[in-house]
1. Between copies, how close do the residue A:20 label points come, placed 7 Å along Cα→Cβ, listed in nm from shortest?
2. Could you give the nm distance between label points at residue A:4 and residue A:83, where each point is 7 Å from its Cα heading toward the beta carbon?
3. Output, in nm with one decimal and in ascending order, the distances from the residue A:125 label point to the matching label points of the other copies (7 Å from Cα along Cα-to-Cβ).
4. Across peptide A:15-28, how many C-beta atoms of other chains are within 10 Å of each residue C-beta, on average?
5. Within a 10 angstrom radius of each residue's Cβ in A:94-105, how many Cβ atoms of other chains show up on average? Whole number is fine.
6. With just the Cα atoms of segment B:33-91, tell me how far they stretch along each of the three principal axes, in Å, largest first.
7. Using only the alpha-carbon atoms of the protein assembly as shown, report the extent along each of the three principal axes, biggest first, to the nearest angstrom.
8. Only Cα pairs under 8 Å and at least 6 apart count here; give the relative contact order of chain A as a rounded whole percent.
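We did not get these values from a lab; they are worked out from the coordinates using the rules stated. Computed from a prediction, not measured in an experiment: that's the story for all the values here. No Cβ is skipped: glycine too gets one built from the backbone with ideal geometry, and neighbour counts run over all protein chains shown.
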DNA sequence: GTTGAAAGGTGCACGGG
DNA sequence: CCCGTGCACCTTTCAAC
């Protein structure tokens, strides 16, 4: 395993790839004053140590027919293990990401759906929450009206 | 402006770029049985019409020193405009994204911080919510214990 | 960290369906 | 409209330093 330290140049490379993951290693090298080969080695190392987990396209989901986004807060029966929560949600195609939380509610589930009717069906599926012994005793769904990206999503954190 | 219709091949291209945004147009072309040039033209068109808004690196924030993630629910005073909410949150480097919601709470703010002390300072800043006339009358912060990516984040939705 | 050369990807004009 | 081809140019990759 390569060294884990992330120096200032690594941070700039990470920021540049966060802003545009399809930039070439040569261009990044130009921007951080390094040769293409040295830049590529740093990118490879950042991937190896797991600082960079991958690269993804940022989509306009509304244009792909998934116009509605929502968060559903979940409350579980006493004794439910946090790991059970994840198991309760696999195989839900509408799931974007799910969070286990400290406090009340116990989990937050983010879903993307076509319309309110679709949302209703998804919430029904979530509420069943059969798998893994997780017993859902309450849900509260919040419909997203608008979303704004922050600096932390654009690589401006360092 | 190019055509807005997204056919089955476009959807596969979007899914492939969502799974790995750094794949070359030639490789994607091989996977969807199209020439490199035709594939590139489709990718360019998907970007032009805004289906693909950009490309970003997926990071392990814990390895970059931002180990703690949290959601803060916000409640606003009556008469607050939803647009005021976004204006109240600009210039918060710890902000990942913010959502305006239908129902109660009025907004959900996602932040990434170094530790609980840092979180305390960020929540204090959010609670002030000076800008744009947004008056925050209550907050509730949920600390993230764990996160799981769903199919909708990996391009498996189509 | 650099250089350099081979392999492969990109960008563009052209022609065909 | 959208596809493929061919070619010049640029990037990536890897050895050697």
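1. 2.3
2. Each label point is offset 7 Å from its Cα along the Cβ direction, giving 2.3 nm.
3. 3.8
4. Values: counts 2, 1, 7, 5, 4, 5, 9, 10, 2, 1, 0, 0, 0, 0.
What the average comes to for A:15-28 is 3.
5. Details: counts 4, 8, 7, 6, 5, 11, 5, 8, 6, 5, 2, 1.
Whole-number average of other-chain Cβ neighbours for A:94-105 is 6.
6. Computed over segment B:33-91, the largest-to-smallest principal extents equal 56, 36, 20 Å.
7. Reported extents, whole Å, longest axis first: 52, 42, 42.
8. Details: 198 pairs, mean separation 42.5, N = 158.
It rounds to 27 percent for chain A.
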